Amino acid sequence: MWIIETLLISFTLYLLYSYFQNIQLLRTVTGLNRGSRSERKLVLQLLKMGISNNNIFHDLYIEKKDGTFSQVDVVVLTEVGVVVIEVKDYSGWIYGYGNNEKWIQTLGKKKYTFYNPIFQNEGHIRSLKSQLDVYEDVPYYSLIVFDGGCELKKISNIPNEISIIKSNKTIKYFKDILQNQNSYLSYNITRFRDVLNIGVENGGVKEIKSQHIRDLKRYKL
């Protein structure tokens, strides 16, 4: 009996140690109250695969030329370009067509629509490019990551430069693009960090977040 108890205690201590290690690692990039659980889980995946915390940016609010803000889930600076990530946490079946404004989530017999994440992430990339327009030759990668228990049932007509994956394929995606030497280039990564860090700081300002929510409501109306 004591052997079983010892094993249970050891396993519990291991889980607690791993949990606090993960929290400590995550805090090198973001706060535990920033973004969604799925976003923080993705950030942790990237850190564990060896991407520097200096090159991962989470929960950014990028100011646009009209004074409104674009909320970006995750941006990763790599040697082959800038990866802009939109994270979706859904259950059920997901149906989407590249050019349709609305995609569909089905839960049993119920259907719900949501804005095309391709269009959403394209808007994020445009906002980033407007802040970094002197670096027009730097490639941007649009990545849509679905987390949760959803199944990508039928996703079609997706442009070649856009990737849509489940969260368990994230590490493979980054390994694949980092091997893509054809698009390698050297760019002023410091300037990018400056802009992205401002975006992260904006995300911690309550007034900016409140303004963004108001702007979204006006847009929907």
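The values are calculated or read from the model by the stated rules, or taken from the named source; none is laboratory data. Predicted model only: the values in this text are computed from it and were never measured. Neighbour counts are summed over all protein chains in view; Cβ atoms, including those assigned to glycine, are modelled from backbone coordinates with ideal geometry. Please note that ligands, DNA and RNA were not included when accessible areas were found on the heavy atoms of the full protein model with its side chains. Shrake-Rupley method; radii C 1.70, N 1.55, O 1.52, S 1.80 Å.
Computed over the chain, the per-residue total of -39500 (n - 2.57) for DSSP H runs of n ≥ 4 gives a 222 nm mean residue ellipticity of -13500 deg cm²/dmol, rounded to 500. With all protein chains in place and ligands, DNA and RNA left out, the 1.4 Å accessible area ranks Thr68, Thr113, Thr12 as Thr113, Thr12, Thr68, largest first. Computing Rg and the Kirkwood Rh from the Cα coordinates of region 140-183 gives a ratio, Rg/Rh, of 0.99. Candidate cross-link partners of Lys209 among the aspartates and glutamates, defined by an alpha-carbon separation under 15 Å and a same-chain spacing of 8 or more, comprise Asp59, Glu63, Asp73, Glu201.
For Tyr141, the residues whose modelled amide H falls within less than 5 Å of its own, excluding neighbours fewer than 5 places apart on the same chain, are Val82, Val83, Val84. In straight-distance terms, cross-link reach from Lys206 covers every one of the lysines whose alpha-carbon lies under 18 Å from its own, apart from those fewer than eight places away in the same chain; here that gives Lys64, Lys217. Output the 0 to 90 degree angle, nearest 10, between the alpha-carbon long axis of helix 189-202 and the longest principal axis computed from the alpha carbons of the chain. Roughly 80 degrees between the two axes. Ordering Glu39, Glu161 by accessible surface, largest first, gives Glu161, Glu39; the 1.4 Å probe counts only protein heavy atoms, with every chain in place.
A 18 angstrom limit on the alpha carbon distance is what I want to check against. Which of Lys109/Lys153; Lys41/Lys172; Lys111/Lys154; Lys41/Lys88; Lys88/Lys175 exceed it? From Lys109/Lys153; Lys41/Lys172; Lys111/Lys154; Lys41/Lys88; Lys88/Lys175, over 18 Å: Lys88/Lys175.
Close amide H pairs (under 5 Å, H built 1.01 Å from N) link Ile164 with Ile144, residues at least 5 positions away or on another chain. Among the GluC sites (Glu not before Pro) found in region 71-137, those both in a DSSP coil and sparsely packed, with 10 or fewer other Cβ atoms within 10 Å of their Cβ, are Glu101, Glu136.
Each Lys and Arg contributes +1 and each Asp and Glu -1, all at the Cβ; summed about the Cα centre of the chain, the dipole is approximately 840 debye. Scattering from the chain was approximated by placing one identical point on each alpha carbon and applying the Debye formula without solvent; log10 I(q)/I(0) at 0.10, 0.17 1/Å stands at -0.51, -1.33.
Peptides 20-30, 139-149, 123-133 ranked from most to least packed give 139-149, 123-133, 20-30, packing being the mean of other C-beta atoms within 10 angstrom over each peptide's residues.
Does region 93-162 classify as rounded, prolate or oblate by the C-alpha gyration tensor (a ≥ b ≥ c root eigenvalues; a/c under 1.5 gives rounded; else a/b over b/c gives prolate, otherwise oblate)? Because a/c hits 1.5 or more and a/b exceeds b/c, region 93-162 counts as prolate.
Taking amide H positions as modeled 1.01 Å from N, with prolines and chain starts lacking one, the residues under 5 Å from Asp89 and 5 or more places away or on another chain are Asp147.
Coupling constants for region 147-162 follow from the phi torsions by the Karplus curve (6.51 cos²θ - 1.76 cosθ + 1.60, θ = phi - 60°), and in residue order they are 10, x, x, 6, 10, 6, 6, 8, 10, 9, 6, 9, x, 4, 7, 10 Hz; glycine and proline get x.
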